[in-house]
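Reading through the structure tokens given below for one structure.
The values are calculated or read from the model by the stated rules, or taken from the named source; none is laboratory data. In this text, all values refer to a predicted model and were calculated from it rather than measured experimentally. Neighbour counts are summed over all protein chains in view; Cβ atoms, including those assigned to glycine, are modelled from backbone coordinates with ideal geometry. Note: areas computed on protein heavy atoms with side chains; ligands, DNA, RNA excluded. Shrake-Rupley method; radii C 1.70, N 1.55, O 1.52, S 1.80 Å.
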Amino acid sequence: MAVLRGRAWVFGDNIDTDLIYHGKYLPLTDPSEMAKHAMEYVPGMEDFSKRVKPGDIVVAGRNFGSGSSREHAVLCLKYLGISGVIAESISRIYYRNAINNGFLVLECPGISKKVKTGDEIEVEPETGRIRNLSTGEEFQANPISGLEKEIMEKGGLIEYIQSLIER
């Protein structure tokens, strides 16, 4: 997997799925429309989708993605161009939905206190190594597993299963 590099957008603890992608937008099915509403319910981030650039990385505190099992909360960030989420902890359902949709998620204790919004960070998904290029600090996240890597390299769980059938 490629090394990722982008600007960090730092969020606090308990960013649930309603804050990531509010339930009132569930009828939307066009991913580009969904992306326009990413994080707009987080106070101070109402215009998040207009300010991010492709490749930027979401950094968060504990319990990121708790709440409902809606995949929209993963897809809105993916289609916005966010390359991944690094959080101190990630809800199990959000984590699974992200891997199944080919979207990088890593858990890294203490990361939200060591990175500031706007810092340039570099992430090695396979090793979990994270470098804050703005400060020179390095961190170690829990790397993704071998199966998670295979699923993500195929683009998601459906693509992974299709590749197994085609063998």
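Data overview
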item: Close pairs (6 angstrom Cβ cut-off, 6 or more residues apart or separate chains): modelled with pLDDT under 95 in the stretch 19-46, open to solvent by 50 Å² or more (accessible area, probe 1.4 Å) anywhere; result: PRO31/TYR79
item: SER134 without any contact (Cβ under 8 Å) to a residue 24 or more places away in the chain, more than 27 Å from SER32 (Cα to Cα) and either outside any strand (DSSP E or B) or open to solvent by less than 20 Å² (accessible area, probe 1.4 Å) (or both); result: yes
item: Test result for THR117, of a type in the set (Val, Ile, Thr), open to solvent by 30 Å² or more (accessible area, probe 1.4 Å) and either touching a His at 6+ places or on another chain (Cβ under 6 Å) or closer than 15 Å to GLY61 by Cβ (or both); result: yes
item: Hits in the stretch 14-56 (condition: in contact with a strand residue (DSSP E or B) (Cβ under 9 Å, 6 or more places away or on another chain), open to solvent by 60 Å² or more (accessible area, probe 1.4 Å) and either part of a loop (DSSP other than H, G, I, E, B) or of a type in the set (Asp, Glu) (or both)); result: ASN14, LYS53, PRO54
